[in-house]
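The structure appears below as structure tokens.
The values are calculated or read from the model by the stated rules, or taken from the named source; none is laboratory data. As the structure is a computational prediction, the values presented were derived from the model and not from experiment. Glycine also receives a Cβ, built like all others from the backbone with ideal geometry; neighbour counts cover every protein chain displayed.
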Amino acid sequence: MKALVTGGAGFIGSHLCEALLARGWGVLALDNFDDFYDPAVKRANLRQCQNQQKFRLVEGDIRDGGLLDSLLQDRDIDVLVHLAAKAGVRPSIADPVGYQDVNITGTACLLEAARKYELGKFIFGSSSSVYGNNEKIPFAESDNVDFPISPYAASKKAGELLCHTYCHLFGINITCLRFFTVYGPRQRPDLAIHKFTRLIEAGKPIPVFGDGSMSRDFTYIDDIIAGVLAAIDRCQGYHIYNLGESQPIVLRDLVAAIEKALGKKAVIDRQPLQPGDVDRTFADISLARKELGYNPSTDLAKGLESFVNWFRSAH
């Protein structure tokens, strides 16, 4: 078996590459090493993969049709896992056109390549951000997601719609996975747990937006990867699944948990709420439990301990 993983050098992508290699799969990772954060960090993410015979890294853009032809024309790819994207809610407000170009046009290019080369399975990395400020909790896949509040969220909803269209018209088996605030070793440096850990460790103030009452459904990377693997195994028709922990953590409690894991106190820098930030995320994972056998098992304390150990060894 062989997989093409876009965004393969990223946080989730690199962990997935390792997991697929551990299964004995061949893995082709495609990444453009965007400078959203230091490309050297992404290259380090693949350190364990690079010396494996069944792994190949290709640097390039998912919008490059000629490149996609060169990667897929031998038709030995069994599944395409699309994780590449311009990421982040707040940056998307500053660059909405760029986000739509990469996240929507790029997804369309990959779907068209999947159609052209008759790939059997396509996994799309979506986001809990599509739910916007959903009043109903927990968030279920059947909820209305027509009200995104950031360009990033809108681009992910558009990607899901494109996926449905290609499944309907061309019979491609497609599963969309809505990830809920993933954390763990190699987490992107701009995300809250990594950023807070870095600042607290250095004795610097951490920015806390609002009164600290917003909440997020933090999900450990190993649980996410187990869900992605299950989705690959069971990809048939068109489906959307939430992959979360289903145990939201209030921001002030997250800070306290990081303090405990580090053994250091945080200095809080209060900031106003940011445009595009949702009030809460909370995954209903009953459908993923039933149809994927998804069963997240890493609580926040254990996950933070693992993250802090990685952070201190890496820095």
- [ ] With a cut-off of at least 2 residues that are surrounded by fewer than 24 Cβ atoms within 10 Å (Cβ to Cβ), name the strands (runs of 3 or more DSSP E) lying wholly within region 1-98.
- [x] 2-6, 26-31, 55-59
Task: Selected residue [out of contact with any strand residue (DSSP E or B) (no Cβ under 8 Å at 6 or more places or on another chain) and either among the aliphatic types (A, V, I, L, M) or not in a loop (DSSP other than H, G, I, E, B) (or both)] from Ala153, Ala108 - done: Ala108
Task: Of all residues making up region 180-206, the number that are of a type in the set (Asp, Glu) and loosely packed, with under 15 Cβ neighbours inside 10 Å - done: 1
Open item on the list: Within region 279-301, take every residue that is small (Gly, Ala, Ser) and under 20 Å from Arg234 (Cα atoms) and give me the one that is surrounded by the most Cβ atoms within 10 Å (Cβ to Cβ).
Closed with: Ala288
Open item on the list: Looking for something of a type outside the set (A, V, I, L, M, F, W, C), touching a residue at least 12 places away in the same chain (Cβ under 8 Å) and assigned to a helix (DSSP H, G or I) - is there at least one such residue anywhere in region 133-141?
Closed with: no
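Listed here are the residues, each with its yes/no results for (1) more than 17 Å from Asp217 (Cα to Cα); (2) touching a residue at least 24 places away in the same chain (Cβ under 8 Å); (3) not small (Gly, Ala, Ser); (4) not in a helix (DSSP H, G or I).
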| residue | (1), (2), (3), (4) |
| --- | --- |
| Ala256 | no, no, no, no |
| Glu259 | yes, yes, yes, no |
| Lys264 | yes, yes, yes, yes |
| Ser306 | yes, yes, no, no |
Open item on the list: I'm trying to understand the selection: among the residues of region 222-239, which are in a helix (DSSP H, G or I) and in contact (Cβ under 8 Å) with a residue 60 or more places away in the chain?
Closed with: Asp222, Asp223, Ile224, Ile225, Ala226, Gly227, Val228, Leu229, Ala230, Ala231, Ile232
Task: Filter result for the condition that a residue is of a type outside the set (Ser, Thr, Tyr), closer than 20 Å to Gly10 by Cα and at pLDDT below 95, over Asp190, Asp222 - done: Asp190
TODO: Write out, first by first residue and then by second, each pair whose Cβ atoms fall under 7 Å of each other, whose residues are 6+ apart or on separate chains, and whose first residue, in region 240-252, is more than 27 Å from Cys163 (Cβ to Cβ) while the second is assigned to a strand (DSSP E or B) and of a type in the set (A, V, I, L, M, F, W, C).
DONE: Leu251/Val208
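Residue by residue, here is whether (1) surrounded by fewer than 18 Cβ atoms within 10 Å (Cβ to Cβ); (2) touching a Ser or Thr at 6+ places or on another chain (Cβ under 8 Å); (3) within 23 Å of Arg178 (Cβ to Cβ) holds:
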site: Val208; (1), (2), (3): no, no, no
site: Ile221; (1), (2), (3): no, no, yes
site: Ile225; (1), (2), (3): no, no, yes
site: Ile240; (1), (2), (3): no, yes, yes
site: Leu254; (1), (2), (3): no, no, yes
site: Ile258; (1), (2), (3): no, yes, no
site: Gly263; (1), (2), (3): yes, no, no
site: Ala266; (1), (2), (3): no, no, no
Task: Selection status of Leu304, surrounded by 19 or more Cβ atoms within 10 Å (Cβ to Cβ), among the aliphatic types (A, V, I, L, M), closer than 14 Å to Val182 by Cα and in contact with an Asp or Glu (Cβ under 8 Å, 6 or more places away or on another chain) - done: no
TODO: Residue by residue through region 210-219, note down the ones that are surrounded by fewer than 17 Cβ atoms within 10 Å (Cβ to Cβ) and small (Gly, Ala, Ser).
DONE: Gly210, Gly212, Ser213
- [ ] Identify all residues within region 229-263 that are more than 26 Å from Asp277 (Cβ to Cβ) and touching a helix residue (DSSP H, G or I) at 6+ places or on another chain (Cβ under 8 Å); write none if there are none.
- [x] Leu229, Ala230, Ala231, Arg234, Gly237, Tyr238, His239
